[in-house]
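First the structure, in the form of structure tokens, and then the observations on it.
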2 protein chains.
Amino acid sequence: MTKVSPLAPERFPDLPSLRGVRLATGTCGLGYKGRNDLMLVELAPGTAVAGVLTRSLTASAPVEWVRKALRGGSARALVVNAGNANAFTGRAGAKAVERTVEAAADLFPCRPSTVFLASTGVIGEPISGEQIAAALPALKGALRENAWEEAAAAIMTTDTYPKGATRTALIDGVEVTINGIAKGSGMIGPDMATMLAFVFTDAAIPADVLQALARRAVDRSFNCITVDGDTSTSDTALVFATAAGAGHRPVGSAGDGHLRQFRRRLEEVMVDLAQQIVRDGEGATKFVTITLTGAASTRAARRIGLAIGNSPLVKTAIAGGDANWGRIVMAVGKAGEKADRDRLSIRIGGCPVAENGAPVPGYDEEPVARHMRGREVDIAVDVGVGRGRATVWTCDLTHGYIDINADYRS
Amino acid sequence: MTKVSPLAPERFPDLPSLRGVRLATGTCGLGYKGRNDLMLVELAPGTAVAGVLTRSLTASAPVEWVRKALRGGSARALVVNAGNANAFTGRAGAKAVERTVEAAADLFPCRPSTVFLASTGVIGEPISGEQIAAALPALKGALRENAWEEAAAAIMTTDTYPKGATRTALIDGVEVTINGIAKGSGMIGPDMATMLAFVFTDAAIPADVLQALARRAVDRSFNCITVDGDTSTSDTALVFATAAGAGHRPVGSAGDGHLRQFRRRLEEVMVDLAQQIVRDGEGATKFVTITLTGAASTRAARRIGLAIGNSPLVKTAIAGGDANWGRIVMAVGKAGEKADRDRLSIRIGGCPVAENGAPVPGYDEEPVARHMRGREVDIAVDVGVGRGRATVWTCDLTHGYIDINADYRS
């Protein structure tokens with residue numbers, strides 16, 4: 001039906017089975033016909049969980065549930081439906097959450113506080129939990145270890161392809177696996193976990209340590225992407241550690257030396273998923289990497305980078321293959337972070353465009369224009385005040401975005 | 001060439017001549033062929049001036065000049081060119097400003113600090129002041145009292161029609177006139193004077209009082225509009241009071257009782273111009289009024305209103321005539337201001353859509369959808385926490401915006 005994004009990876013990666021995780025998909029009829037829209041994940045007893053949630057002040061009912069459940073730090077089941085976000089659904093929305101949690105807790109059985117939920121889709125449509133509850137027993141019967149791709153597909157909304165990533169890491173000489181799936185395409189904005197992402201590992205990591213690792217990795221991945229700057233009511237990133245592959249020494253803190261590789265690989269999985277979300281940005285035809293250096297701090301660098309990545313004028317210029325770097329200057333100026341206009345420099349596709357606050361002498365637009373006609377656009381900006389740096393990923397703003405969003409519901 | 005916006009007023013209003021102000025237009029060849037792109041305004045000796053400028057940290061050379069010149073509080077000439085913004089032009093840009101100021105100061109003659117400038121157009125193109133300097137003498141010879149419409153036309157860039165507004169006010173029983181012209185269509189963002197606007201009155205108002213009046217009126221007009229949330233490097237709003245029509249008592253402070261009507265009318269002129277800018281928003285097909293009530297403060301109300309008005313998802317839904325109020329909820333949530341999700345209410349075109357954080361019982365979408373198919377869309381949101389209120393104006397986001405901006409320079 002929908003054409004796959006031209007920026008999509010060639011295929012879904014091979015995610016290995018992961019001890020302590022089994023998945024199943026099915027239909028609950030809450031939004032989509034003719035495709036699966038419900039995912040159930042069973043996690044081994046003793047699984048630790050951590051997460052980062054939307055900062056939206058109108059967060060969905062499932063987000064509010066997860067915020068509470070995370071305090072317990074342990075997970076036994078994850079239920080995700082696509083098609084209805086169960087956001088702004090008032091008391092009925094909270095009731096639907098209770099009903100779903102109860103049904104899942106009865107199924108395994110487990111404590112309600114170990115059942116995690118996420119819902120994505122239309123906001124403000126009333127929802128009852130009955131349809132999900134009724135569908136769960138069949139899904140439990142179908143649980144298996146290698147259903148990653150179909151799980152990633154079942155949670156899609158306007159996504160044009162399922163998103164997955166995998167890495168292995170050594171902890172204390174023992175190999176552990178990290179698998180992640182995600183969905184997201186529109187309503188992707190900065191400064192929070194902007195989408196659904198579920199990452200699983202068979203490492204044995206206590207919930208508080210996992211939380212610190214998740215926070216850091218989310219800040220360097222999902223919090224560095226933007227499609228349209230809009231923040232979902234449902235953004236949820238959860239990390240589950242089943243401990244089922246754990247021959248390794250106990251982990252004490254997030255700074256533990258033998259977690260070094262795990263930290264890096266966890267971040268890689270999240271960056272991979274985050275970039276896949278941008279590559280599936282609604283209407284996207286170009287993938288844009290913005291490297292921001294010379295800022296007062298890391299945070300300032302990210303804010304300036306996102307101001308560039310969120311500017312409709314920058315994004316439409318990129319869509320048109322127009323090397324209109326004046327708009328990048330404009331976006332730097334509006335970010336509200338320290339920048340020295342007279343030391344600002346800009347490179348596009350590696351070519352110097354501006355230096356010390358003015359166009360480079362004898363500036364030749366041709367190689368820059370050629371780079372901008374490609375699918376991958378690199379913009380490097382140095383704002384000349386400090387050592388803060390960040391990388392931000394975004395896409396262009398095209399007619400396709402308008403087509404998709406001018407009539408999403410019909 | 002460009003089609004006039006479907007939201008344009010029927011015609012340019014009749015602006016009367018205004019004692020102490022004479023205008024002329026001509027060409028300086030800095031951007032446009034076949035149309036005027038230079039405006040000169042002569043102000044009577046003794047004219048007071050006040051202004052509000054962009055908060056961009058990469059402000060243009062003319063903006064930096066005006067920031068200094070405003071300290072003097074008096075104006076004798078205003079020179080505005082369209083086609084080149086003289087922004088991010090380094091030392092050459094500052095030199096071009098000096099050259100233009102010098103040429104205008106020699107012409108009248110007057111002190112350089114009483115010469116005001118604005119430039120609008122492409123960012124980052126080198127500029128010399130010679131072309132403007134060479135064009136000024138002819139313009140001086142052509143100065144006349146009734147050139148408002150051609151002046152408004154000469155400062156346009158992507159605008160599809162010239163923008164003007166006029167009111168009269170009584171001060172102390174004496175009638176004074178307020179005339180304004182403005183330009184703006186893209187790169188229109190919140191929280192600063194986002195465009196060029198020049199307002200003239202023959203009232204006698206000291207510069208410090210004029211500054212207070214201008215600040216207040218800008219906050220309630222130009223700071224309440226958004227087209228794309230992008231902040232120009234060149235935003236400039238200036239108010240000139242020639243004192244040439246002043247039979248009225250001296251004015252002591254901005255709070256003076258006999259300034260009451262003048263304050264209101266000045267705000268009306270600016271709101272009128274601000275709304276005309278939104279009606280000329282790039283690609284706009286619908287004019288949207290967002291009334292935000294129940295916020296913690298006026299500032300919070302404006303921020304939430306602008307978050308709604310800036311959301312690409314809200315704006316594309318409006319373009320599609322889609323009553324997707326869930327996106328309004330999303331935008332309220334991302335504004336970062338206090339809002340009570342469970343007391344939130346939304347009306348579209350006067351029809352209740354949501355109340356107390358949930359869709360209204362028996363919600364009938366048909367009258368709402370009918371309203372949204374029209375050219376004027378009214379959205380009223382109450383966030384249920386306080387008494388702060390604000391009105392914000394915006395337009396929809398359409399294919400036209402992409403067409404205009406994907407290749408502005410070619």
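Quick note: the coordinates plus some simple rules give every number you see, no bench work behind them. Keep in mind the model is a prediction, meaning the values are calculated, not measured. We place every Cβ from the backbone using ideal geometry, glycine too, and count neighbours over all the protein chains shown.
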I need the inter-copy label distances for A:V4: point set 7 Å along Cα to C-beta, values in nm with one decimal, smallest first.
5.0
For the protein assembly as shown, what is the mean residue ellipticity at 222 nm derived from helices alone (per DSSP H run of n ≥ 4: -39500 (n - 2.57); sum divided by total residues; nearest 500 deg cm²/dmol)?
-9500 deg cm²/dmol
Hey, what's the Cα Rg ratio for the protein assembly as shown versus the globular rule of thumb, 2.2 N^0.38 Å?
1.02
Please work out the FRET efficiency for the pair B:H399 and B:F108, using the Cβ-Cβ distance as r and a Förster radius of 45 Å; give the result to the nearest 0.05.
0.40
Using Cα pairs under 8 angstrom and six or more residues apart, how large is the relative contact order of the stretch A:21-279, in percent?
24
Long-range amide H contacts for A:V377: which residues qualify at under 5 Å (H placed 1.01 Å from N, peptide plane, sequence gap of 5 or more or a different chain)?
A:F287, A:V288, A:T289
Could you pull the Cα extents of the stretch B:26-173 along its three principal axes, largest to smallest, in whole Å?
50, 34, 32
Of all DSSP beta bridges in chain B, what percent run antiparallel (nearest 5)?
70
Under the convention of a label 7 Å out along Cα→Cβ, give the distances in nm from B:R387 to the same position in every other copy, shortest first.
5.2
Along Cα→Cβ, 7 Å out, is where each label goes; now give me the distance between the ones at B:V360 and A:A94 in nm to one decimal.
2.4
Selection of trypsin sites (Lys or Arg not before Pro), the stretch B:244-274, meeting DSSP coil and at most 14 other Cβ within 10 Å:
none
Of all trypsin sites (Lys or Arg not before Pro) in the stretch B:1-108, which ones are in loop regions per DSSP and have a Cβ with at most 14 other Cβ atoms within 10 Å?
B:K3, B:R11, B:K33, B:R35
Near the amide H of A:N84, under 5 Å away, which other amide H atoms are found, from residues 5 or more places off or on another chain, if H is placed in the peptide plane?
A:T120, A:V122
Treat each spin label as a single point 7 Å out from the Cα along the C-beta direction, and report the B:R144 to B:R260 distance in nm.
4.1
Long-range amide H partners of A:K163, meaning residues 5 or more apart or on another chain whose placed amide H is closer than 5 Å, are A:A182
So which residue of B has the beta-carbon closest to the axis that swings B onto A, and how many whole Å away?
B:H399, 3
0 to 90° range, to nearest 10: angle between helix A:298-310 axis and chain A longest Cα axis:
80
Could you list B:S345, A:S185 so that the one with the fewest beta carbons within 10 Å of its beta carbon is first and the one with the most is last?
B:S345, A:S185
Computed over chain A: longest principal axis from alpha-carbon atoms vs helix A:207-219 long axis, angle to nearest 10 degrees, is 30
In whole Å, what are the Cα extents of chain A along the three principal axes, biggest one first?
71, 53, 37
Quick numbers on the stretch A:97-187, Rg and Dmax over C-alpha atoms in Å, give 16.1, 50
Give, in nm to one decimal, the length gained when the segment between A:T391 and A:E130 is fully stretched (0.36 nm per residue of separation minus the Cα-Cα distance).
89.6 nm
Using the Karplus curve 6.51 cos²θ - 1.76 cosθ + 1.60 with θ = phi - 60°, work out ³J(HN,Hα) for each residue of the stretch B:39-47 in order, rounded to whole Hz, and write x for Gly and Pro.
10, 10, 10, 9, 10, 4, x, x, 5
Counting lysine pairs in chain A that sit 8 or more positions apart or on different chains, with Cα atoms under 20 Å apart, gives 11
Relative contact order [Cα under 8 Å, 6+ residues apart], the stretch B:52-100, whole percent:
51
Ordered by number, the trypsin sites (Lys or Arg not before Pro) in the stretch B:308-410 that occupy a DSSP loop and have at most 15 other Cβ atoms within 10 Å are B:R375, B:R387, B:R409
Difference of contour (0.36 nm per residue) and Cα-Cα distance, A:S253 to A:V174:
26.7 nm
Grab every C-alpha pair in the stretch A:287-406, bin the distances at 5 angstrom width from 0 up to the longest one, and report whole percents.
2, 13, 23, 25, 19, 11, 4, 2, 0
Would you kindly work out, in nm and rounded to one decimal, the distances from the label point of A:E145 to those of the same position in each other copy, ordered shortest first, with label points 7 Å along Cα-to-Cβ?
9.2
I'd like the Karplus ³J(HN,Hα) series for the stretch B:73-89: coefficients 6.51, -1.76, 1.60, θ = phi - 60°, whole numbers in Hz, and an x wherever there's a Gly or Pro.
x, 10, 9, 10, 8, 10, 10, 10, 10, 10, x, 9, 7, 6, 10, 6, 10
Along the stretch B:128-136, Karplus-curve 3J(HN,Hα) (6.51, -1.76, 1.60; θ = phi - 60°) to the nearest Hz, with x for Gly and Pro, reads 10, x, 4, 5, 5, 4, 5, 7, 5
Pair-distance profile P(r), taking every C-alpha pair of the stretch B:82-131, with 10 angstrom steps and integer %:
28, 51, 20, 0
Find out how many positive minus negative residues lie around A:T89, taking Lys and Arg as positive, Asp and Glu as negative, among other residues whose Cβ is under 10 Å from that of A:T89.
+1
Per the Cauchy relation, a quarter of the hull surface: what is the mean projected area of the convex hull of the alpha carbons in the stretch A:33-118, in nm²?
5.9
